[in-house]
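To keep things clear, I will list the structure first and then write my remarks on it.
Each reported figure results from applying straightforward, stated rules to the coordinates on display, with no laboratory input. No experiment lies behind these values; they were computed from the predicted model shown. Every residue, glycine among them, receives a Cβ derived from its backbone with ideal geometry; neighbour counts consider all protein chains shown.
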């Protein structure tokens, strides 16, 4: 046996509440983040991810408080992302209780921020968030570019080259989200995940588009991901963490056996 | 008076997580950067996140801390728990960002894990902890690992390794010398397995 495939529920948080949108529009309230975190901890989630989508400064302050309160009651690793613009932002989240910090737009503007965070606080806490859309036409060799602002703004940056660069600069993990798939429940962009995972030594987390347990399995078998992130299928009770672990084991993959 | 656990604050991260977990299992925790608190405490916990050098520099920047720890653990046999880099510091040397002295309590070196496309580094996630010797505090079970360097024993005959895991090859999961226990994984992030280990540590009478 080897290191287990991690199953990571992701909670989108805005102004202190959990929300999850379909393609980042039509946000639906799904509760208190600390309570949800506690429930996922009890259910045996392998890690938890908070993605802050607050636009305002006040919302950011609330996030630090949520992270702190979550760390007091949850004994599993916590990744926090969304709006991390500087090494100081990252440090504040780590001090509040996050174990890893995911950097997105700031690393698009200035990739060296990954090196700054890794050197100051270690690669183990430096997660690079890679939000990509497929830009190649059907029939052409696949190509993806980085999109920011919830997938709305194009940058013209090649997604695979960007991901490889961030790993070289010191990111200890890549969170690869298909903005085409996000919220659709149609499955990960497996080719995107696989292309990036095959070009880096650090773990890749597949994200964006999970609708079934088979999608999680495919993310690992075909996408070569080390971890699978999902939101809606867990939040709305469609599947439990235990079912996700079982589906991975049924496919011959290493997954944790926890009560829950 | 209740037993106290000194949680050593030397600027090396994740202090709060370890504090929270120790409190959750009922420990009376003193978070401190003062050698006199360390000398007085019944049990000692040394956390650590980041690089070997940065952590060692942080520890040695506190006057008398390394010597007070050595005396408390190796001479007065206070139970000690090193976590992640806190465990790695027990070694003679670390090879992260150059060769650096550790506390030197056990013979061995902290060396980089070797990545490949199949064996990702950092070793990140839950993995099986397999005890290698007779019963110890560290039981078989799944724990959360997050590291790019690992302890390699210097002398196989006197190896302090008491548990291993598998990532590419055999990787040290825990070491022990007398009353000093070090775990590479994060008990404070390992849900029930980790809290159970901390509970046993609090009751440990080596």
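Taking the inverse of the average 1/r across all pairs of different Cα atoms in segment A:6-250, what Kirkwood radius in Å do you get? Please list the in-between numbers first.
Numbers: mean 1/r = 0.0568 Å⁻¹.
Kirkwood radius, segment A:6-250: 17.6 Å.
Using mean Cβ contacts within 10 Å as the protection proxy, how do A:143-153, B:187-197, A:160-170 order, highest first?
Going from most to least packed, we get B:187-197, A:160-170, A:143-153.
In Å, what is the Rg of the alpha-carbon atoms in chain B, and how long is Dmax?
Every Cα atom of chain B included, Rg and Dmax give 15.5, 54 Å.
Which length gain, in nm to one decimal place, applies between residue A:15 and residue A:32 when the Cα-Cα distance is subtracted from 0.36 nm times their residue separation? Numbers along the way, then the final one.
On the way: separation 17, 0.36 × 17 = 6.12 nm, distance 1.07 nm.
Stretched fully, the residue A:15-residue A:32 segment lengthens by 5.1 nm.
Using alpha carbons only, how many angstrom separate the centre of segment A:63-116 from the centre of segment A:124-150?
Value for the Cα centre distance between the two parts: 21 Å.
Would you mind giving the three semi-axes, in whole Å and largest first, of the ellipsoid equivalent to segment B:32-84 according to its Cα gyration tensor?
Equivalent ellipsoid semi-axes, largest first: 18, 13, 9 Å.
Ignore the peptide's own chain and count Cβ atoms of other chains within 10 Å of each Cβ in B:144-153; give me the average, rounded.
3
Taking R0 as 51 Å, what FRET efficiency do you get between residue B:155 and residue A:42 from their Cβ-Cβ distance, rounded to the nearest 0.05?
0.70
Between residue A:137 and residue B:119, take the C-beta separation as r, use R0 = 30 Å, and let me know the FRET efficiency to the nearest 0.05. Mind showing how you got there, number by number?
On the way: r = 36 Å, r/R0 = 1.21.
Result of the calculation: an efficiency of 0.25.
Could you state the per residue volume, in Å³, of the convex hull enclosing the Cα atoms of segment B:65-186?
On the way: hull volume 12.3 nm³, N = 122.
Output value, Cα hull per residue: 100 Å³.
Hey, got the average number of other protein chain Cβ atoms within 10 angstrom for residues in B:198-205?
0
Along Cα→Cβ, 7 Å out, is where each label goes; now give me the distance between the ones at residue A:154 and residue B:77 in nm to one decimal.
My value for the distance between the label points is 7.2 nm.
Segment A:195-259 to segment B:30-62: how many Å between their Cα centroids?
38 Å
How long are the semi-axes of the equivalent ellipsoid of segment A:85-217, defined as square roots of 5 times the Cα gyration tensor eigenvalues? Whole Å, largest first.
Three semi-axes, in Å: 25, 16, 14.
Output needed: percent of Cα pairs per 5 Å distance bin for segment A:129-196, bins running from 0 to the one holding the longest distance.
Histogram of Cα-Cα distances, whole percents per bin: 3, 17, 29, 27, 17, 5, 1.
Please list, short to long, the whole-number percent of alpha-carbon pairs of segment A:70-146 in consecutive 5 angstrom bins beginning at zero.
Distribution as computed: 3, 15, 24, 18, 12, 10, 8, 5, 3, 1, 0 percent.
With the Cα gyration tensor of segment A:168-251 in hand, convert its eigenvalues to equivalent ellipsoid semi-axes via √(5λ) and list them largest first in whole Å.
One finds semi-axes of 21, 14, 11 Å for segment A:168-251.
Counting pairwise Cα distances across the protein assembly as shown, what percent come out greater than 44 angstrom?
Summing the P(r) of the protein assembly as shown above 44 Å gives 10 percent of all pairs.
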